[in-house]
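First up is the structure itself, then whatever we jot down about it.
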Amino acid sequence: MFLNPARDGAVLPILHLNGYKIANPTVLDRIPDEDLHSLMRGHGYQPYEVAGDDPTRVHQALASTLERALDDIAGIQRRARQGEADPRPRWPMIILRTPKGWTGPAVVDGLPVEGTFRAHQVPIAAVRDNPEHLAMLEAWLRSYRPEEIFDATGAPVPNVAALTPRGDRRMSAQPRANGGTVLRDLVLPDFRDYAVQVTRPGSPSSEATRTLGAFVRDVIVANPDRFRLFGPDEVASNRLGAAFEVTDRAFDAEIRPGDDHLSADGRVMEVLSEHLCQGWLEGYLLTGRHGIFTSYEAFIHVVDSMVNQHAKWLKVTRGISWRRPIASLNYLLSSHVWRQDHNGFSHQDPGFIDHVVNKKAEVVRVYLPPDANTLLSTMDHCLRSRHYINVVVAAKQPAPTWLPMDEAVLHCRRGLGIWNWASTAGDAEPDVVLACAGDVPTLETLAAADLLRTHLPDLRVRVVNVVDLMRLQPEAEHPHGLPDAQFDALFTVDKPVIFAFHGYPTLIHRLTYRRTNHHNLHVRGYKEEGTTTTPFDMVMLNDLDRFHLVIDVIDRVPGLSSRAAQLRQDMVDARQRCRDYTRAHGDDDPAISGWQWSPQPPAA
């Protein structure tokens, strides 16, 4: 339903049924043949079955079946490319049935092995200690007649070597199996052309992913043969709907009146399966193309084990000289933890970044752009990168745009930096550092800074925003890591740091635990408190709100708790009033939802 024979390539699936897994029978091997074949036909395939336990006969049967299947594929493609209509071509697939542990020992220690689950792991386990087992292993290996295959030096004999493919026909040299050899750079429009024009910090409001959507739309237009957008039925929901101005969702089945943007030639791959989207994109990258996988933040966890394996593959292939780098695997996670206004607790989980950070530093990157312009700059960088896993988390809801594009570009290149326009410390050493990573934490941090400059104008506050999360690690731990001297210059060696973070607070502590001032680092983030509620109530539930950040400053800055006791009490009362308003009106207090940064602090 997603493969267009007039344009696309093809895959020949082979379902190898040997009857068992590690300890139990396999389901598809135990259902009646008629049901199995009906299942495959329901998926759109024409199944061909090859079965047996005689190697010579199975070899000949499989060879002839492969030829038939390849002829079928060629026929489907030829007819489609000649313009013959076939709304549902039945692609071939092969069901191969052979015994588990085929040609291995039939019986070990009186128990059957070949054709049973016992063949799954180590069929002869005690060869180091049991002479009978060692003799059995030798007989098994000699049954392959190695003296007829290898010469005295261990090299294949000439008649065997002559059977191997040559040049690009070798599996490792086949260009589509080494996608970096055929990879072409994307033709990328200038992301600056899509910039939100910022009149002052925080103004105007914009939807970051909707802004990005126009850029992605034009990437699709400029790269009709090497770029696709993948998503589990969430492309439009994540505000990337501009893509449908120039393309459709790939769909090669019946299209009914009222269906939305479906066609066989669509460049958007949507199906409600994160597993399938991940597999599609990995295959697309491995064969020399580019893509973005967009998902709700909470449900990208579905592919945790798959991204594990891709990360391992990237790490290992960096050390293989003939493996050429491929395009990076780019995740755009939206509909995130802090803005689940109607989905609630089930959709609140920022932990994918924790999972990814566990992978090798040379292949993992995590970005938390605070607004639309930094998102544009970040995604342009990710699409140009090679051989990485890039995780970008961005909001889809209207939010302040903090930086003009030229400043956004510089900020993203640094990865983190001081926002002087939001700070009151100037060139002096600050009394406190307000750090933030993520769009909502940035908003709350700036609102807290606004409160502090209004009510405690003599307090020297430094605001530091982090886009590239890996800058927090030491340079010895990650290629993007900030040298200790630079980290200390930003975050000080002895002043309190109140860090508002998009995800789980423990991640920031993991990344910074070797830093000089780690003992003064206090992190606010998601602590598994959530429900279907308003945006500000959500941050209050997790103590990430502006009022609580001010309270943290008062509690952490030496000598401030006594002289700012009234302000602390006012912050506690303000939180309660906001909570009461939410419960009474089902919405946030307009003073909160309508707050904007002002170049000059309001009168206290």
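The values are calculated or read from the model by the stated rules, or taken from the named source; none is laboratory data. The structure presented is a predicted model; accordingly, all values stated were derived computationally and were not measured. Don't worry about glycine lacking a Cβ; one is built from the backbone with ideal geometry, like all the others, and counts go over all protein chains shown. Note: accessible area is taken over every heavy atom of the protein model, side chains too, but ligands, DNA and RNA are not part of it. Shrake-Rupley method; radii C 1.70, N 1.55, O 1.52, S 1.80 Å.
Once the 1.4 Å probe is applied to the protein heavy atoms, segment 46-175 comes out at 68 Å² accessible per residue. Report the Stokes-Einstein translational diffusion coefficient (µm² s⁻¹, integer) for the chain, Rh taken as the Kirkwood radius over Cα pairs, at 4 °C with viscosity 1.567 mPa s. So the translational diffusion coefficient is about 46 µm²/s.
Over segment 136-232, what is the mean sequence separation of C-alpha contacts under 8 Å (at least six apart), divided by residue count, expressed as relative contact order in percent?
Computed value for segment 136-232: 18 percent relative contact order.
Probe radius 1.4 Å, ligands and nucleic acids ignored: give me the carbon and sulfur share of the accessible area of segment 220-282 as a rounded percent. Using a 1.4 Å probe with all protein chains present, segment 220-282 comes out at 50 percent carbon and sulfur. At q = 0.13, 0.18, 0.21 Å⁻¹, what is the base-10 log of I(q)/I(0) for segment 188-339 according to the Debye formula with one equal point scatterer per Cα and no solvent? Please give it to two decimals. The calculated log intensity ratios at q = 0.13, 0.18, 0.21 Å⁻¹ are -0.67, -1.15, -1.38.
Accessible area per residue was computed with a 1.4 Å probe on protein heavy atoms; PHE215 scores about 0 Å². Rounded to whole Å, the principal axis extents of the Cα atoms in segment 415-593 read 52, 36, 26, largest first.
Between ARG514 and GLN600, the modelled labels are 4.8 nm apart [label points 7 Å from Cα along Cα→Cβ]. Please report the relative contact order for the chain, taking Cα pairs under 8 Å with a sequence separation of at least 6, and give it as a percent rounded to a whole number. Over the chain, the number comes to 11 percent. Taking a straight line from the alpha carbon of LYS495, these aspartates and glutamates sit under 14 Å away, with near neighbours fewer than eight places off in the same chain left out: GLU429, ASP431, ASP552, ASP555.
The share of accessible area on segment 31-150 that comes from carbon and sulfur is 54 percent, using a 1.4 angstrom probe.
Using the rule -39500 (n - 2.57) for each DSSP H run of four or more residues, divided by the residues of the chain, the 222 nm mean residue ellipticity is -10500 deg cm²/dmol.
How high is the FRET efficiency from SER64 to HIS43, r the C-beta distance, R0 25 Å, rounded to 0.05?
Working: r = 24 Å, r/R0 = 0.95.
Rounded to the nearest 0.05, the efficiency is 0.60.
Summed over the residues of segment 384-439 and divided among them, the accessible surface reaches 34 Å² per residue at a probe radius of 1.4 Å.
Report the antiparallel proportion of the DSSP beta bridges in the chain as a percent, rounded to a multiple of 5.
The antiparallel fraction comes to roughly 20 percent.
Taking a straight Cα-Cα cut-off under 30 Å and skipping sequence neighbours fewer than 8 places away in the same chain, the lysines within cross-link reach of LYS396 are LYS359, LYS360, LYS527. Distant-in-sequence amide contacts of VAL50, defined by a placed amide H-H separation under 5 Å and a gap of 5 or more residues or a different chain, comprise ILE95, LEU96, ARG97.
Sequence-ordered 3J(HN,Hα) estimates for segment 388-397 from the Karplus curve with 6.51, -1.76 and 1.60 and θ = phi - 60° stand at 10, 10, 9, 10, 10, 10, 8, 7, 10, 7 Hz, glycine and proline given as x. For TRP313, the solvent-accessible surface with a 1.4 Å probe is about 70 Å², rounded to the nearest 10.
By the Cα gyration tensor, segment 454-523 has an equivalent ellipsoid whose semi-axes, rounded to whole angstrom, run 22, 14, 11 from largest to smallest. In whole Å, how far is the Cα centre of segment 564-590 from that of segment 290-369? Measuring centre to centre over Cα atoms gives 37 Å.
Hey, any idea what % of segment 371-442's accessible area is carbon plus sulfur with a 1.4 Å probe?
50 percent
Each residue of segment 164-180 is assigned a 3J(HN,Hα), and the resulting list reads 6, x, 10, x, 5, 7, 5, 4, 6, 9, 4, x, 6, 8, 10, x, x Hz, derived from the Karplus form 6.51 cos²θ - 1.76 cosθ + 1.60 (θ = phi - 60°), x at Gly and Pro. Here segment 216-277 and segment 406-420 have alpha carbon centers that stand 33 Å from each other.
In straight-distance terms, cross-link reach from LYS100 covers every one of the lysines whose alpha-carbon lies under 17 Å from its own, apart from those fewer than eight places away in the same chain; here that gives LYS21.
Short-range pairs are left out: with C-alpha atoms under 8 Å and at least six residues apart, the relative contact order of segment 1-123 is 37 percent. Only Lys, Arg, Asp and Glu carry charge here, each on its Cβ (+1 for the first two, -1 for the last two); on that basis segment 167-241 has a dipole of about 220 debye about its Cα centre.
Using the Cβ-Cβ distance between LEU12 and GLU138 with R0 set to 56 Å, the FRET efficiency works out to roughly 0.90.
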